[in-house]
1. Would you work out which of 108, 89, 118 lies farthest towards the positive end of the dipole of segment 85-132? Charges go on Cβ: Lys and Arg +1, Asp and Glu -1.
2. Please report, to one decimal in angstroms, the Kirkwood hydrodynamic radius of segment 87-230 built from all distinct Cα-Cα pairs.
3. Among the listed pairs 91/190; 109/186; 91/217; 109/177; 91/199, which are separated by more than 30 Å between their Cα atoms?
4. Can you work out the accessible area per residue across segment 71-201, with the rest of the protein chains kept in place, probe 1.4 Å, in square angstrom?
5. In segment 125-193, what percent of the accessible surface is made up of carbon and sulfur (1.4 Å probe, ligands and nucleic acids excluded)?
6. With all pairs of different alpha carbon atoms counted, what Kirkwood hydrodynamic radius in Å does segment 165-237 show?
7. Just to be sure I understand the curve: with the Debye formula and one point per C-alpha of segment 58-132, what is log10 I(q)/I(0) at q = 0.13, 0.17, 0.21, 0.27 Å⁻¹?
8. With +1 assigned to the C-beta of every Lys and Arg and -1 to the C-beta of every Asp and Glu, and no other charges, what is the dipole magnitude of segment 157-209 about the Cα centre in debye, to the nearest 20?
Amino acid sequence: MIHAPSLGIGAGIAAAVIIGALFVINGQMPETGFKTEDIKDVERDQILQEQPPQQVQMSVFSANASPILGDPNAPITIIEFGDYQCFYCNKFFHDTEHQIHDNYIKTGKAKLVFKDFTIIGPDSVVAAHAAHCADEQGKFWEYHDTLYNNWNGENNGWASAQNQLKFAQQVGLDETKFTECMNSEKYTEKIQASSEDAKTLGLTGTPAFFVIGPNNKIVKVPGAQPYDVFANILDSEEIMAD
């Protein structure tokens, strides 16, 4: 059974060429954030009904997040809001993320940040917490990949706390440190805060993406869009314009 929010966003608009809104932010990371009146529509009829509130701080994209994957100085930032149990998050990982990694992240054109939006069930929080515990040992992204490589459905137990130790072993983590971190539940507040960030941005399902250009222009990309959609945005003159 697939969780409705992941199904609705992942499948319902997957055929679109470019979806989302272009948020134009004047200046460099202004403290006041961006306003919805600054939105330029790419395809208005295909934008999700939910829009961000009138003002949003730029920290909503950077706070409570994973470590950066790629060159920290890359001109483009890709923010992914995901849930490790989400069917379409897993589909994006296997069908699209590797191509983005090879063509944009490894080449220094873009960097990737993952933020938790744990909406499917309790094991979503468990898996997210485990990834942050792996980060303590410098292996967030290895663990992130291992979770998706072991994905086996939604709310059926594969992402339980019991199985997280097996994944930690696969990644080569210090089991004692990992277990202590998991038992502490120290990252629960961070995970909850990241999910609140998603809600602040008007998100209702996973996966959802924001592509931020070098002068703070932002394209919202809802759903597990095919690689060509991301490539068109990442290569567009508008996102790269000074």
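1. Of 108, 89, 118, it is 108.
2. Working: mean 1/r = 0.0621 Å⁻¹.
Taking the inverse mean of 1/r over all distinct Cα pairs, segment 87-230 comes out at 16.1 Å.
3. Values: 91/190 25 Å; 109/186 34 Å; 91/217 27 Å; 109/177 35 Å; 91/199 22 Å.
Correct reply: 109/186; 109/177.
4. Working: 5520 Å² over 131 residues.
Here the per-residue accessible area is 42 Å².
5. On the way: 1390 of 3360 Å².
Exposed carbon and sulfur together represent 41 percent of the surface.
6. On the way: mean 1/r = 0.0644 Å⁻¹.
Here the Kirkwood hydrodynamic radius works out to 15.5 Å.
7. Each listed q corresponds, in turn, to -0.41, -0.68, -0.98, -1.27.
8. Details: 5 positive and 7 negative charges, 25 e Å.
So the dipole magnitude of segment 157-209 works out to roughly 120 debye.
The values are calculated or read from the model by the stated rules, or taken from the named source; none is laboratory data. Because the structure is a prediction, the values reported are computed rather than measured. Reconstructed Cβ throughout: ideal geometry from the backbone, glycine too, with neighbour counts over all protein chains shown. Surface accessibility is based on the protein's heavy atoms, side chains included, excluding ligands, DNA and RNA. Shrake-Rupley method; radii C 1.70, N 1.55, O 1.52, S 1.80 Å.
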